[in-house]
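Asks: What follows is a single structure, and I will ask about it in a moment.
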Amino acid sequence: MQEPRRSERLAGKAIKTDASPPKLARKRKSQQKIESKGKICSSSSSVLPLLLGAHVSIGGGLHNAVHNAIEIGATAFGLFLRSQRQWQSKPLADETVDAFTRACVQHGFEGGRAILPHGSYLLNLGSPDESTLAKSRDALVEEMTRCERLGIGLYNFHPGSTCGKISIDECIRRIAESLNLALSKTRRVVAVIENMSGQGHTIGGDFREIRRVIDLVQDKSRVGVCLDTCHAFAAGYDISCARGYDEMMDDFQKFIGFEYLRGVHLNDSKAGVGSHLDRHENIGRGKIGREGFRRIVNDVRLRGIPMILETPMTMDDEDEILLLRSLVEDQ
Ligand SMILES: [Zn+2]
Ligand SMILES: [Zn+2]
């Protein structure tokens with residue numbers, strides 16, 4: 001059985017308290033964190049900053065996501081915008097919006113460039129079922145409206161699935177129509193389509209499918225793509241080696257274009273290349289491996305773009321961020 005992902009497990013998890021026993025260890029890590037941060041800041045001024053973080057808990061309130069991000073030494077973060085387990089959710093209170101935006105300003109996350117929320121897993125924006133499609137579209141508008149109220153500029157989501165009941169063409173048409181609807185009901189937030197592993201009947205395992213969705217979106221300035229490393233590997237790009245990484249990036253440029261790249265999900269993969277299995281693993285412990293991630297964190301094309309960990313909680317976010325920072329060569 002698939003191990004629950006960090007994001008799934010965090011959905012209902014309360015935020016960490018400081019009651020965890022290894023206090024000395026935490027202190028040491030914090031010290032390293034500050035040193036690493038200094039290195040990032042002092043890197044070449046012509047290169048955009050490395051925006052590195054993890055999907056963090058919103059337990060106890062959305063604003064806690066910002067504090068949780070700071071706690072792990074992140075310069076970017078992902079979060080859910082509401083409970084993941086149900087279609088309905090309480091309206092976003094003004095006080096929550098105030099607390100979140102205040103925390104963002106206080107910690108330098110304003111403008112939403114480094115925040116990449118993840119849409120609900122319940123959504124299927126290309127669903128063959130009219131009732132699921134309608135519910136998904138309502139939820140999409142609701143979540144994108146939340147982003148705007150919170151000052152978040154990006155919204156990442158899974159494109160959708162044919163469920164084996166409609167053609168890929170029809171599913172792509174429905175996804176694009178969902179986006180056009182949501183973009184017409186919001187003003188600024190960019191809809192960021194995630195590449196998938198090609199598992200089951202999902203759309204987006206092939207970059208060309210994402211391109212076809214983009215082609216049907218009317219306002220191209222408000223659509224983007226999030227590149228998930230585990231999904232790309234499972235879809236067939238062997239990014240554990242330079243040749244496979246170059247192939248993925250060349251295809252991304254050829255089929256989609258880097259101008260659409262708005263986010264990266266940093267996940268190692270438990271499953272093999274081309275397996276089409278979506279099984280996230282901690283950085284360096286999976287089939288992509290540490291060297292694969294060395295290439296990624298040193299690719300200047302990915303600077304200034306939020307890079308978010310969605311790995312199992314068997315390893316601390318803070319440790320994974322430190323590991324990734326240690327692989328950066330231009331500091
Ligand atoms: Zn995702
Ligand atoms: Zn992802």
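Asks: Give me the pairs: first residue in the range 307-319 and in a helix (DSSP H, G or I), second residue within 13 Å of ligand 2 (Cβ to nearest atom), beta-carbon distance under 7 Å, and six or more apart or on different chains, which are they?
Replies: Asp317/Ala54; Asp317/Leu309
Asks: May I pose another question? Suppose we keep only residues that are more than 16 Å from ligand 2 (Cβ to nearest atom) and buried (at least 23 other Cβ atoms within 10 Å of the Cβ) within the range 110-124. Which one would you say is nearest to Gly200 (Cα to Cα)?
Replies: Among those that are more than 16 Å from ligand 2 (Cβ to nearest atom) and buried (at least 23 other Cβ atoms within 10 Å of the Cβ), it is Asn124.
Asks: Also, quick follow-up: Please indicate, with yes or no, whether at least one residue in the range 221-231 is in contact with a Phe, Trp or Tyr (Cβ under 6 Å, 6 or more places away or on another chain), over 21 Å from Asn282 (Cα atoms) and more than 16 Å from ligand 1 (Cβ to nearest atom).
Replies: The initial filter retains those residues of the range 221-231 that are in contact with a Phe, Trp or Tyr (Cβ under 6 Å, 6 or more places away or on another chain), namely 224-225.
Of the ones still in play, those that are also over 21 Å from Asn282 (Cα atoms) are 224-225.
Now drop any that are not more than 16 Å from ligand 1 (Cβ to nearest atom), which leaves none.
Within the range 221-231, none of the residues are in contact with a Phe, Trp or Tyr (Cβ under 6 Å, 6 or more places away or on another chain), over 21 Å from Asn282 (Cα atoms) and more than 16 Å from ligand 1 (Cβ to nearest atom).
Asks: Against the definition (part of a helix (DSSP H, G or I) and either of a type in the set (Phe, Trp, Tyr) or surrounded by fewer than 17 Cβ atoms within 10 Å (Cβ to Cβ) (or both)), how does Arg146 come out, yes or no?
Replies: no
Asks: Here is a further query. Among the residues of the range 306-318, count how many are under 16 Å from Phe77 (Cβ atoms) and away from ligand 1 (no atom under 16 Å from the Cβ). Give the steps one after another, and end with the answer.
Replies: Step one: of the range 306-318, the residues under 16 Å from Phe77 (Cβ atoms) are 306-311, 313, 316-318.
Checking which are away from ligand 1 (no atom under 16 Å from the Cβ) leaves us with 313, 316-318.
Residues flagged as under 16 Å from Phe77 (Cβ atoms) and away from ligand 1 (no atom under 16 Å from the Cβ) within the range 306-318 amount to 4.
Asks: Among the residues of the range 152-179, count how many are outside any loop (DSSP other than H, G, I, E, B), away from ligand 1 (no atom under 14 Å from the Cβ) and more than 14 Å from Ser136 (Cβ to Cβ). So that I can check it myself, show each step before the final result.
Replies: Step one: list which residues in the range 152-179 are outside any loop (DSSP other than H, G, I, E, B), which gives 154-157, 161, 168-179.
Pick out the ones that are also away from ligand 1 (no atom under 14 Å from the Cβ) and you get 168-179.
Subsequent filtering for residues that are more than 14 Å from Ser136 (Cβ to Cβ) retains 168-170, 172-173.
Selection size over the range 152-179: 5.
Asks: What is the one condition in (1) hydrophobic (A, V, I, L, M, F, W, C); (2) within 20 Å of the chain's Cα centre (by Cα); (3) surrounded by 18 or more Cβ atoms within 10 Å (Cβ to Cβ) that Ile172 does not satisfy?
Replies: (2) is the only condition that Ile172 fails.
Asks: Let me ask another. Taking only the range 201-219 into account, find how many residues are in contact (Cβ under 8 Å) with a residue 60 or more places away in the chain and either closer than 14 Å to Asn156 by Cα or surrounded by fewer than 18 Cβ atoms within 10 Å (Cβ to Cβ) (or both). Quick ask: steps written out before the conclusion?
Replies: Let us first name the residues in the range 201-219 that are in contact (Cβ under 8 Å) with a residue 60 or more places away in the chain, namely 203, 205.
Now restrict to residues that are either closer than 14 Å to Asn156 by Cα or surrounded by fewer than 18 Cβ atoms within 10 Å (Cβ to Cβ) (or both): none.
Here the count works out to 0.
Asks: What do you reckon, is Glu291 surrounded by fewer than 20 Cβ atoms within 10 Å (Cβ to Cβ), touching a residue at least 60 places away in the same chain (Cβ under 8 Å) and assigned to a helix (DSSP H, G or I)?
Replies: Details: surrounded by fewer than 20 Cβ atoms within 10 Å (Cβ to Cβ): yes; touching a residue at least 60 places away in the same chain (Cβ under 8 Å): no; assigned to a helix (DSSP H, G or I): yes.
Taking the combined requirement at face value, the residue does not satisfy it.
Since every read-out is calculated from the coordinates, none of them should be taken as a lab result. Because the structure is predicted, anything quoted here is derived from the model rather than measured. As a convention, Cβ positions derive from the backbone with ideal geometry for all residues, glycine included, and neighbour counts pool all protein chains shown.
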